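Accompanying notes for the structure given below.
The values are calculated or read from the model by the stated rules, or taken from the named source; none is laboratory data. All values derive from a computational prediction rather than experimental measurement. We place every Cβ from the backbone using ideal geometry, glycine too, and count neighbours over all the protein chains shown.
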Amino acid sequence: SFVDLVLPSGTIEVYAQVEDAFGAATDIIDLTPEGSELTVGQGRRRAALAAGIDWAASKSSLGELVNKQGSKEIDAMLVAMGLELGSERQSALLNQSAGVSLTGDLLTAAGKALSFAIKTADNVCETFGVVSTLAA
């Protein structure tokens with residue numbers, strides 16, 4: 001099986017824990033390649049990321065997910081976009097008015113994700129977690 005993740009730009013460390021259907025779990029495993037770091041946006045896109053991400057393309061991808069009504073996928077992308085937004089605002093790559101506008105767009109998408117989600121405690125809590133990330 002696999003896990004599909006949407007990650008903000010930058011350097012990351014990857015850890016995993018495998019759990020079976022009976023609740024038995026492995027220790028937490030470091031999946032970062034030995035002696036290296038994983039950098040999201042590495043290679044030819046790295047120069048573009050140094051100047052900030054392509055918000056129009058990111059919003060377009062988010063719009064596609066909204067159209068598919070995949071609440072978990074929307075939430076995952078919103079967390080990555082929210083972290084990137086915070087990073088760009090903090091480093092002054094993004095001015096305040098653009099940041100406020102983008103935050104509004106992301107919160108609107110979070111509201112749509114909640115409307116698509118089956119109303120279980122897990123789904124509602126996940127979306128509220130996204131909203132709290134965006135509001136920080």
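Tabulated data
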| read-out | value |
| --- | --- |
| Qualifying residues in the stretch 82-111 (those that are within 14 Å of Lys59 (Cα to Cα) and out of contact with any Leu (no Cβ under 7 Å at 6 or more places or on another chain)) - the one modelled with the lowest pLDDT | Glu84 |
| Single residue of Val131, Val100 found to be surrounded by 10 or more Cβ atoms within 10 Å (Cβ to Cβ) and within 14 Å of Ala76 (Cα to Cα) | Val131 |
| Of the criteria (1) surrounded by fewer than 19 Cβ atoms within 10 Å (Cβ to Cβ); (2) within 20 Å of Asn67 (Cβ to Cβ), which one Ala113 fails | (1) |
| Filtered residue count, the stretch 61-92, keeping only those that are surrounded by 16 or more Cβ atoms within 10 Å (Cβ to Cβ) and of a type outside the set (Val, Ile, Thr) | 19 |
| Members of the stretch 92-136 found to be outside any helix (DSSP H, G or I) and out of contact with any Ser or Thr (no Cβ under 7 Å at 6 or more places or on another chain), listed by number | Ala92, Leu93, Leu94, Asn95, Ile118, Lys119, Thr120, Ala136 |
| Near pairs, Cβ below 7 angstrom, 6+ apart or cross-chain, from the stretch 101-116 (of a type in the set (Val, Ile, Thr)) to any residue that is buried (at least 16 other Cβ atoms within 10 Å of the Cβ) and in a helix (DSSP H, G or I) | Thr103/Leu85; Thr103/Leu134 |
| Residue within the stretch 66-76 that is assigned to a helix (DSSP H, G or I), touching a residue at least 60 places away in the same chain (Cβ under 8 Å), within 12 Å of Thr127 (Cβ to Cβ) and of a type in the set (Val, Ile, Thr) present | no |
| Exclusive hit being at pLDDT 75 or above and under 18 Å from Glu126 (Cα atoms), set Val3, Val79 | Val79 |
